[in-house]
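Down below is the structure, laid out as structure tokens.
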Amino acid sequence: MLADLVLKNRSCRRFYQKHGIDLKTLKDLVNLARLSASGGNVQPLKYILSYDSQKNALIFAHLAWAAFLKDWPGPNDGERPSAYIIILGDSEISQSFGCDHGIAAQTILLGATEKGLGGCIIGSIQRENLRAALKIPSHFDILLVLALGKPKESVMIERVDVSGNTRYYRDNQGVHHVPKRSLEDIIIG
Ligand SMILES: Cc1cc2nc3c(=O)[nH]c(=O)nc-3n(C[C@H](O)[C@H](O)[C@H](O)COP(=O)(O)O)c2cc1C
């Protein structure tokens, strides 16, 4: 059921790092994005896949994790993603990418969730450092990085209370809580 998949597809930032993800799995996920909507059907997105520890380490070094978890620098070695999909915009095809990369990211993550994997969209990227590390040609815009792995954390959805605070938090048991606004609050007419 799509509703179950959407609910299960929470941003996950700690993984069983030893659980590998192979190239075929990553290609299957990108194929879902390939078949998704694209503004004007221009299809300007390109992808870099990473699933070996050396390349993963190069990518990990340039990402920022969970801005609201102030005391947490990101996943420790052993709990890091076992794969990444970097979403690029090819400026030789188009100068603007609309919301294609958001659609691609969500589609890939839903596909990953269906396969028992999990992940996180990372927009906070040291883009020029990552470009240099992976030798990404300048005509590709680095749009998003998707971190992927076998989830090692539990995430619960909470209701945003009257204060309107949407900050996610982690409790003493390490459970991650994500406040979501109610349906009544977001449908305005
Ligand atoms: C465009 C976008 C950029 C994001 N960038 C980051 C990021 O740089 N680092 C991070 O840890 N999480 C990032 N996230 C994940 C959000 O923090 C997460 O979606 C939010 O806390 C809600 O949790 P949920 O995905 O489980 O609903 C990003 C999400 C989106 C949609």
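FYI, it's all coordinate maths here, none of it is from the lab. Please read these numbers as outputs of a predicted model, since none were measured by experiment. We place every Cβ from the backbone using ideal geometry, glycine too, and count neighbours over all the protein chains shown.
Data table
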read-out: The range 29-85: radius of gyration and largest Cα-Cα distance (Dmax), Å; value: 15.1, 43
read-out: Lys, Arg +1 and Asp, Glu -1 on Cβ, resulting dipole of the range 1-126 about Cα centre, debye, nearest 20; value: 240 debye
read-out: Radius ratio Rg over Rh of the chain, counting only Cα atoms, Kirkwood formula for Rh; value: 0.97
read-out: The chain - share of DSSP beta bridges that are antiparallel (%, nearest 5); value: 80 percent
read-out: Furthest towards positive pole of dipole, Pro81, Ala37, Leu130, structure part the chain, Cβ charges; value: Pro81
read-out: Kirkwood hydrodynamic radius over Cα pairs of the range 105-189, then Stokes diffusion coefficient at 10 °C and 1.306 mPa s, in µm²/s; value: 100 µm²/s
read-out: With 5 Å bins from 0: P(r) over the range 70-110, alpha-carbon pairs, percent; value: 5, 16, 18, 17, 15, 14, 10, 5, 0
read-out: Alpha carbon centroid spacing (whole Å) that separates the range 82-125 from the range 5-37; value: 10 Å
read-out: Simple Cβ-charge dipole of the range 1-65, Lys/Arg +1 and Asp/Glu -1, about Cα centre, in debye nearest 20; value: 120 debye
read-out: Helix runs (DSSP H) in the chain reaching 20 Å along axis by Cα, Kyte-Doolittle at least -0.5; value: 100-114
